Amino acid sequence: MNPEDFRRHAHAFVDWMADYMDNVQDYPVRSQIKPGEIASKLTASAPEVGEEMALIFEDFKRDILPGMTHWQHPNFHAYFPGNSSPPSVLAEMLTASMGAQCMVWETSPAATEMETRVMDWLRKMLALGEGFQGVIQDSASSATLVAILMAREKVSGWAANLGGLKECPPLTFYTSIEAHSSVLKAVKVAGLGESSLRLIGADDQFAIRADLLEETIEHDIADGYCPAGVIATLGTTGVGANDPVRAIGEICKAHDIFFHVDAAWAGSALILPEHRDMIDGIELVDSFSFNPHKWLMTNFDCAAHFVRSADDLVRTLGILPEYLKTVNQGQVIDYRDWSVPLGRRFRALKLWFVIRSYGVEGLQAILRDHIAWADELAGWIEADPEFEMMAPKRLGLVNFRYRPQELAEAEVDQVNETLLNRINDDGRIYLTRNKVGGRFAIRFSVGQTRTTEAHIESAWAVIKEIAQGL
């Protein structure tokens with residue numbers, strides 16, 4: 001493709017992108033296709049001869065688009081948001097065009113130095129305090145894995161990297177029963193095994209019980225185990241609960257245990273001063289992560305990971321073969337030593353575009369609206385005799401169920417599962433399932449970039465309409 005052909009097709013693509021952003025709410029939120037439909041439209045073998053881009057683009061619109069679930073739809077209320085925004089998309093276009101592999105400072109100095117500066121912007125925006133240094137990971141799952149690897153190395157006196165886990169005493173890690181599944185995956189990937197992870201019970205607010213945590217740690221020590229790390233959560237995936245940072249931090253300090261906080265979704269709310277009580281005790285934390293790609297209008301993937309000791313992080317992950325040595329070694333940051341992969345995208349650029357475009361006040365205003373609209377939704381649920389809240393509303397997250405008075409409790413779970421399936425098959429809104437206290441719940445997340453108060457009102461109307469038709 002020559003430059004003029006590229007220019008022509010790129011203009012057509014950008015026109016389509018702008019129209020898509022403007023009209024995304026005209027699509028069903030969740031893809032309505034059946035398994036195998038998309039595969040049946042894709043040729044079994046690659047073409048031997050190159051095809052025209054116009055034809056490829058038409059096939060994309062006709063055959064591929066119906067198989068997409070539209071995460072940027074204003075009625076996307078499933079999972080947590082995976083936000084985008086026009087400034088972020090523009091930055092991604094530039095990043096893709098340059099195609100830089102930003103593994104060391106020398107391979108793109110601007111990428112490294114911008115990442116350092118933008119991460120410090122975020123540290124200040126979240127009021128994390130002095131002492132943290134940041135790096136952009138691909139996801140909070142990766143940040144949790146890196147934290148567990150750091151904890152493993154520190155507690156073993158850096159022996160595990162050299163001689164493997166056979167050089168370590170039996171290590172144990174701790175997290176809440178409400179924690180994300182990425183914690184379990186991380187201990188498996190780190191070679192520690194599922195049996196090394198202790199799941200600690202939660203209180204009536206779904207937060208980890210610090211007393212049970214301390215009791216479990218002490219029992220493990222008495223039994224010859226070596227407690228290595230605690231992973232707390234701010235904004236658990238199910239109900240948005242916050243583990244008590246200060247209480248956990250004091251326990252970790254007393255036992256010299258590495259302390260990581262996973263704030264993947266809720267961490268964005270720390271740009272709001274009124275929600276910074278979530279990080280009371282942050283000075284006791286060794287590692288902290290959150291995802292701007294969830295609730296700060298920045299395209300996936302972009303996870304902010306802050307560590308108290310960058311030296312420990314580099315000692316855990318750093319490897320220096322001859323072909324990666326540069327003349328600036330030791331004088332600059334080489335972020336390849338701060339993450340598991342060697343390859344690194346220029347992720348800082350989209351954060352820089354988003355923060356500069358919206359400003360801190362603009363981002364704060366969007367989050368405050370989302371939280372206020374979730375408050376409204378919770379109020380409507382509580383006021384309706386046929387619905388009930390299943391957990392306290394947290395930030396933009398609401399858990400509820402349909403509970404008509406004439407329905408026997410034994411039938412409620414199945415009715416709500418049917419309701420959720422019909423809502424998602426309908427296509428106007430997209431919600432997800434949960435279990436709260438062992439009972440089926442419908443989970444409604446407010447946080448999509450383009451969502452307005454009117455979308456929340458119409459979503460509630462859709463829920464009631466479909467429930468009444470059961």
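The values are calculated or read from the model by the stated rules, or taken from the named source; none is laboratory data. The structure presented is a predicted model; accordingly, all values stated were derived computationally and were not measured. Every residue, glycine as well, gets a Cβ built from its backbone with ideal geometry; the counts of neighbours run over all protein chains shown.
Data overview
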read-out: Test result for residue 29, surrounded by 14 or more Cβ atoms within 10 Å (Cβ to Cβ), under 29 Å from the mean Cα position of the chain (by Cα) and farther than 30 Å from residue 331 by Cα; value: yes
read-out: Matching option when the condition is in the same structural domain as residue 257 (by TED's automatic domain parsing), surrounded by 15 or more Cβ atoms within 10 Å (Cβ to Cβ), out of contact with any strand residue (DSSP E or B) (no Cβ under 9 Å at 6 or more places or on another chain) and of a type in the set (A, V, I, L, M), among 150, 114; value: 114
read-out: Qualifying residue in region 287-302 (condition: of a type in the set (D, E, K, R) and either assigned to a helix (DSSP H, G or I) or touching a Leu at 6+ places or on another chain (Cβ under 6 Å) (or both)); value: yes
read-out: Matching residues, region 377-422, being in a loop (DSSP other than H, G, I, E, B) and within 30 Å of the chain's Cα centre (by Cα); value: 390, 391, 392, 393, 395, 396
read-out: Pick from region 294-305, criterion among the hydrophobic types (A, V, I, L, M, F, W, C) and surrounded by fewer than 24 Cβ atoms within 10 Å (Cβ to Cβ), ranking: farthest from residue 347 (Cα to Cα); value: 300
read-out: Some residue of region 421-436 being surrounded by fewer than 21 Cβ atoms within 10 Å (Cβ to Cβ), farther than 24 Å from residue 395 by Cα and in contact with a Phe, Trp or Tyr (Cβ under 9 Å, 6 or more places away or on another chain); value: yes
read-out: Count of region 306-327 residues which are surrounded by 13 or more Cβ atoms within 10 Å (Cβ to Cβ) and not in a loop (DSSP other than H, G, I, E, B); value: 10
read-out: All helices (runs of 4 or more DSSP H) inside region 104-200 with 3 or more residues being farther than 25 Å from residue 210 by Cα; value: 109-125, 160-163
read-out: Qualifying residue in region 205-222 (condition: within 14 Å of residue 176 (Cα to Cα), under 24 Å from the mean Cα position of the chain (by Cα), of a type outside the set (Lys, Arg) and surrounded by 22 or more Cβ atoms within 10 Å (Cβ to Cβ)); value: yes
read-out: Tabulated pairs, region 356-381, first more than 11 Å from residue 272 (Cα to Cα) and at pLDDT 95 or above, second among the polar types (S, T, N, Q) and surrounded by 16 or more Cβ atoms within 10 Å (Cβ to Cβ), C-beta under 8 angstrom, 6+ apart or interchain; value: 357/85; 358/85; 370/451; 373/451
read-out: Matching option when the condition is charged (D, E, K, R) and more than 30 Å from residue 237 (Cα to Cα), among 92, 4; value: 4
read-out: Region 183-194 residues that are outside the structural domain of residue 149 (by TED's automatic domain parsing), paired with ones that are surrounded by 14 or more Cβ atoms within 10 Å (Cβ to Cβ) and in a helix (DSSP H, G or I) (beta carbon under 6 Å, 6 or more apart); value: none
read-out: Selected residue [of a type in the set (Gly, Ala, Ser), modelled with pLDDT of 90 or more and more than 27 Å from residue 159 (Cα to Cα)] from 343, 281; value: 281
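This table checks each residue for (1) in contact with a Leu (Cβ under 6 Å, 6 or more places away or on another chain); (2) in a helix (DSSP H, G or I).
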position	(1), (2)
229	no, no
248	no, yes
264	no, no
268	yes, yes
